Amino acid sequence: MSGRCCHGQTPSRDIPGPGKCLALPDGAPLPPGDYSTTPGGTVFGTTPGGTRIIYDRQFLMECRNSPGAKTPPSNLPDIPGVTSPSVEELKLENHHVQNCEEKVSTGEEEQFDMDI
Amino acid sequence: QNNKAAVLPAPPTRLKDDDSGDHDQNEENNTQKDSEKEKNDREKPQSTTKRKAVVPGPAEHPLQYNYTFWYSRRTPGRPTSSQSYEQNIKQIGTFASVEQFWRFYSHMVRPGDLTGHSDFHLFKEGIKPMWEDDANKNGGKWIIRLRKGLASRCWENLILAMLGEQFMVGEEICGAVVSVRFQEDIISIWNKTASDQATTARIRDTLRRVLNLPPNTIMEYKTHTDSIKYVCWPGGCCRLHVCSGSSVHGTGLGRNARVR
């Protein structure tokens, strides 16, 4: 089960570019407790150290919108200015900022203004 | 998931202070010298509390490792050496899946919105964000200094790459830190074996890719005793400068040439 771009045998080739591989098809569930299975066929890559679970940025960002990713953790400590108190405001702000950033940071284009 | 079992909690030791090594050299040294007395006070970290193992939920996407978010903040006006590290560093929580990560991340402020002398740390579960942890004691870190306004985006890109196992260096990654400071912010990623140049080079190259670093970005690799500075050029990274000993702390090179 050597993924197309995710096994570490050949150091010059095995660093996948963002968004180029390993996206799990939408809705493909992972069977709980059986992580060696490869639903969708591309999430898992074999490396010399064993099987590794690899996700690219795009896939992780897509997971952010799933319902299970939005509920606050039950054990979130209350740290003023860090995790509290205005969770709703933070949500709105995060989404706003994220949306703005996504527009400018897709693909491989330069993310920084250079004025050195 | 066999790898998860290999990450065991290390014996509690002194939590590190400033990951960056950029500021407060004197405070740092003091901390190391007079830490013995306070060590006992500090050796009751949160991890001694019995915790239920964190596992991915049904239909969630498991991560290669469990990770723990930490937050630390230096109280203004008080010398570090007199502070309990337990008061300064807090565990926010541990997650085992992509979805659990987002639950924490979406309910934490972004680093660019933190105030004061603050840090977010994201380390593999069982590795404390401090030099003395067994996983870190032979290690080092890549450091990138950022002008204000970039930390949130760079931090997100950095930790997504770490969680998604984009660095391809086996077990080498320990964790990542974002440090909010007065005039600049610093992100860093820690690995276990500072002497493994193939690993550190691969981490450096992955950082350049996932952070979209512009040319001329200063990247420093630091261990306890050495610091090597690199400049990214379009064709690759060149070694700029080699320093030995802690005198490298506070050098102005990185600040002047940081990402603008």
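Keeping every protein chain in place, order B:Lys128, B:Lys137 by accessible area at 1.4 Å, biggest value first, i.e. largest first. Spell out each step's value before the answer.
On the way: B:Lys128 10, B:Lys137 105 Å².
The most accessible residue leads, giving B:Lys137, B:Lys128.
Which value results when the Cα radius of gyration for region B:102-196 is divided by 2.2 N^0.38 Å?
On the way: Rg = 13.2 Å, N = 95, 2.2 N^0.38 = 12.4 Å.
Working it through for region B:102-196, the quotient is 1.06.
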Query - Residues whose placed amide H lies under 5 Å from that of A:Ile79, excluding near-sequence neighbours - result: A:Ser84
Requested in this report: Could you pull out every residue, at least 5 positions away or on a different chain, whose amide H is within less than 5 Å of the one on B:Leu146? Hs are placed 1.01 Å off N in the peptide plane, and Pro or chain starts have none.
Outcome: B:Asp185, B:Ile186, B:Ile187
Report task. Give the accessible area for B:Tyr67 in Å² (nearest 10); use a 1.4 Å probe, count only protein heavy atoms, and leave out ligands, DNA and RNA. Result -> 0 Å²
Report summary line: Counting sequence-distant residues (5 or more places) and residues on other chains, those with an amide H built under 5 Å from that of A:Ile53 are B:Gln64
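Just list whichever of B:Lys124/B:Lys222; B:Lys52/B:Lys222; A:Lys70/B:Lys148; B:Lys90/B:Lys222; B:Lys52/B:Lys148 have alpha carbons separated by over 31 Å in the model shown.
Flagged as over cut-off: B:Lys52/B:Lys222; B:Lys52/B:Lys148.
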Report task. Step through the residues of region B:126-135 one at a time and calculate ³J(HN,Hα) from phi using the Karplus curve (6.51 cos²θ - 1.76 cosθ + 1.60, θ = phi - 60°), rounding each to whole Hz and writing x for Gly and Pro. Result -> x, 9, 7, x, 8, 4, 7, 4, 3, 6
Query raised in the report: With r defined as the distance between the Cβ atoms of B:Glu132 and B:Thr75 and R0 fixed at 30 Å, what FRET efficiency is calculated, to the nearest 0.05?
Result: 0.85
**Report entry** Cα→Cβ-extended label distance, 7 Å offset, between A:Thr71 and B:Val55, nm
**Finding:** 1.7 nm
Query raised in the report: So how far apart, in nm, are the two label points at B:Thr115 and B:Thr223 if each is 7 Å from Cα heading toward Cβ?
Result: 4.1 nm
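The values are calculated or read from the model by the stated rules, or taken from the named source; none is laboratory data. All values derive from a computational prediction rather than experimental measurement. Backbone-built Cβ (ideal geometry, glycine too); neighbour counts: all protein chains shown. All accessible areas refer to the heavy atoms of the entire protein, side chains included, with ligands and DNA or RNA removed. Shrake-Rupley method; radii C 1.70, N 1.55, O 1.52, S 1.80 Å.
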